[in-house]
Amino acid sequence: MDLRDTPEEAAFRAEVRSWIQEHMPDELRGHRGGAARFEGEALRAWSRELSDAGYSGLTWPSEYGGRGAPYSFQAILFEEMARAEAPPHVGVIGLGMAGPTIMAHGTEEQKARYLPKILSAEEIWCQGFSEPNAGSDLAAVQTAVTLAPDGKRFVVDGQKVWSSFAHIADFCILVGRGDPEAPRYQNLTYVIVDMHASGVEVRPLRQITGEAEFNEIFFTDVEVPRENLLGEIGHGWQVAMTTLLHERGTLGFALTTTLEVGVRKLLALARERGADDPLTRDRIAREWIELQALKYTNYRSLTKLMQTGIPGPEGSGVKLHWSEQNQRLTKLALELHGPEAQLLDGETGGFWQFQQLRSRGNTIEAGTSEVLRNIIAERVLGLPRSR
Amino acid sequence: MNFSFTDEQEQLRQEARSFLARKPEPQWSELAELGWLGVSISEALGGAGLGFLEEAVLFEELGRALYAGPYFATVGLALPALGEEQLARVASGEERWSAEIDGLVPDLATVDWVVTEAGAARAEGETLSTMDETRQLGRLADGDRTPLAGSLDRSRTLAALACEAVGVAQQALDLAVEYVKDRQQFGRPIGVYQAVSHRLADTYVETELARSLAYWAAWCVAEGDEQARIAAAAAKAFASEAAVAACERAIQAHGGIGFTWEHVLHRYYKRAQWIEAFWGFPAALRAEVADWAMEGARDGVPVRVA
């Protein structure tokens, strides 16, 4: 056990820290996220800079344009970005979900075609999993992915929903029903859909924040070349599990990074407002302590990942706890504003009001808290299945 | 960065776990033979010359087994105050120690000496009726005090208690999981019901978070890191609350049997509350953390560079 950086890690940290200092535009510091990510070119340009410097896909193998770095470097990058309040690379679905899935199940042609442009933010990806009648129950998707009689293409018909980035995306990783007759879990097919293809229609959904970060996607007779198949026909469930494993496996550090920024801002706010009553200080300390708990849980999980190639089960609760903590933290921040908590054009320009409303999505997106508790109960604790 | 115990430390954990499973109430002389009393005492004084991380492993396992002897009092509390001759007698099992904190002495009746602010005292006085009967508190009688070579180390003690709390929480969780898998109502094991299983999932998450904080604090103590004070306060605050909550949820999951004197759960529950109360309730510790984090000079988010 040694929580210090190794000499290599320390050198990397120093490199990243000075790189961010030199390259990050001031107006991006403390970027509030949300739909503002899509406005203008600033975040795409920042993402490209991260990529050119070799900071996107740090842990990806070098043959796919990554740096082949150990996972600890990824953690250091996240920590340093949090310290500088730097916004993340805009291609989160591509980097965190589509890329790893293509690496695990894709053909060499697919890897060569898609991976470099995920890293460079030249192409943005979205995810087509959830449907109006298939949310937590992914195996119930109804969108048809039918192999055409000539065997050379699929035809996609159906509707997806809650798809972040779809309105700016170039590609979609989509899970649909390949064979309506096959039993559950053996009937799904996983394909890459060109979002610019004919028959794809994206309708933004306005959220509780007033912004549109996510969308509905309608697919009407959309033709998808056979070479866009990931895995095999009917094996979409297994491929989707890879995607979700990566979503939950690598997400912990990214989420904890955003919380770290939140706690830093909360502390600054509390100092500024002279929050000196014991109750408030108690609540602030709780946020600080639980941030450390998440952070060191990530470290434990990371160590296991580096030693065995598989993240430990302890990380399974990180997203669950993070989401509930972020909801609590943002409410506390609003409370510190006192009677001005309702004002959107106050000193912080609606930053905390936005974060508080946005945080309600945290316990729903990327696995609802209910599903995550089921997963922990059944797969970690070994309790009998509830379904 | 490497946040895992070594193979040797994991082996010590396995040995401790299987020994305590066979023998949950070992004699003090057996702990001396096992080398647990002198883990961090130098080899020249008859110890093993290891460090606090090895002791942390033992605190956790002893908490899990709800060990009732004065191991925490001697090794977790008094040790840093002792001189060489005293340490040699601790390692050999000849002397058991405790310390007076907030006017109270843990395990006064089962130790030989007590560390006080004024020096070492004979363990004489009145044992007080204590909620956790496995770790009774006492009040020292007046008497002679002889000077001591060292002084207590609160961070080290709080880290030890955090590790012990993790062991308690884990055992409460394990007992609850076994019970709800087995217990049938309405024709199904009750663990199938999400009103039951989701609470245990929460216990799991909190126990893992507590473990991360406890190991972080243990490492800081072992390394003499400047963050030891704040890490130990954070760890003890969170882990003791997690242990109390784990026991409460376990009692609820057990239904009526969990509320009986006969079942072991109430003893874990009382130990969890003992840990919560000793040398600073969670709220008091959080006040220390807040003072530290709110200091203008700090950014509140430590990043360690070697």
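Quick notes
- The residues on offer are B:Tyr193, B:Tyr179, and the sole one that is among the aromatic types (Phe, Trp, Tyr), assigned by TED's automatic domain parsing to the domain that holds B:Arg229, surrounded by fewer than 19 Cβ atoms within 10 Å (Cβ to Cβ) and at pLDDT 95 or above is B:Tyr193.
- Candidate set from the range A:294-324 (those that are touching a residue at least 12 places away in the same chain (Cβ under 8 Å) and of a type in the set (Gly, Ala, Ser)); member that is nearest to the other protein chains (Cβ to nearest Cβ): A:Gly317
- Odd one out for B:Ser98 among (1) within 23 Å of B:Glu33 (Cα to Cα); (2) outside any helix (DSSP H, G or I); (3) open to solvent by 10 Å² or more (accessible area, probe 1.4 Å); (4) not aliphatic (A, V, I, L, M): (3)
- Residue list for the range B:11-38, filter: farther than 20 Å from B:Asp112 by Cα, in contact (Cβ under 8 Å) with a residue 24 or more places away in the chain and open to solvent by less than 70 Å² (accessible area, probe 1.4 Å): B:Leu12, B:Arg13, B:Ala16, B:Leu20, B:Pro24
- The residue that is least open to solvent (accessible area, probe 1.4 Å), among those in the range A:45-72 that are within 14 Å of chain B (Cβ to nearest Cβ) and in a helix (DSSP H, G or I), is A:Ser72.
- Meets criteria (charged (D, E, K, R), under 15 Å from the mean Cα position of the chain (by Cα), surrounded by fewer than 24 Cβ atoms within 10 Å (Cβ to Cβ) and within 30 Å of A:Thr303 (Cβ to Cβ)) for B:Glu276: yes
- Among residues of the range B:152-172 that are modelled with pLDDT of 95 or more and of a type in the set (D, E, K, R), those with a beta-carbon under 6 Å from a residue that is open to solvent by 10 Å² or more (accessible area, probe 1.4 Å) and in a helix (DSSP H, G or I) at least six positions away or on a different chain give the pairs B:Asp153/B:Pro80; B:Arg156/B:Val221.
- The listed residues are A:Leu174, A:Leu245, A:Leu255, A:Leu251, and the only one of them that is under 18 Å from the mean Cα position of the chain (by Cα) and free of Cβ contacts under 8 Å to residues at least 40 places away in the same chain turns out to be A:Leu245.
- Residue match in the range A:138-145 (condition: open to solvent by less than 10 Å² (accessible area, probe 1.4 Å), of a type in the set (S, T, N, Q) and in the same structural domain as A:Val200 (by TED's automatic domain parsing)): yes
- Every residue from the range B:101-118 that is under 17 Å from the mean Cα position of the chain (by Cα) and surrounded by 22 or more Cβ atoms within 10 Å (Cβ to Cβ): B:Val105, B:Pro106, B:Asp107
- Any hit, the range B:145-156, residues being surrounded by 20 or more Cβ atoms within 10 Å (Cβ to Cβ), in a helix (DSSP H, G or I) and away from chain A (no Cβ under 13 Å): yes
- When each of B:Ala228, B:Ala243 is tested for being open to solvent by 10 Å² or more (accessible area, probe 1.4 Å), under 23 Å from the mean Cα position of the chain (by Cα) and either assigned by TED's automatic domain parsing to the domain that holds B:Gly69 or not charged (D, E, K, R) (or both), the lone residue that passes is B:Ala228.
- Residue that is nearest to A:Lys295 (Cα to Cα), among those in the range A:311-340 that are among the small types (Gly, Ala, Ser), open to solvent by less than 20 Å² (accessible area, probe 1.4 Å) and modelled with pLDDT of 90 or more: A:Gly317
The values are calculated or read from the model by the stated rules, or taken from the named source; none is laboratory data. A quick note: this is a predicted structure, and the numbers were derived from the prediction, not measured. With ideal geometry, Cβ positions are generated from the backbone for all residues, glycine too; neighbour counts draw on all protein chains shown. Calculation scope for accessible area: heavy atoms of the full protein, side chains included, ligands and nucleic acids excluded. Shrake-Rupley method; radii C 1.70, N 1.55, O 1.52, S 1.80 Å.
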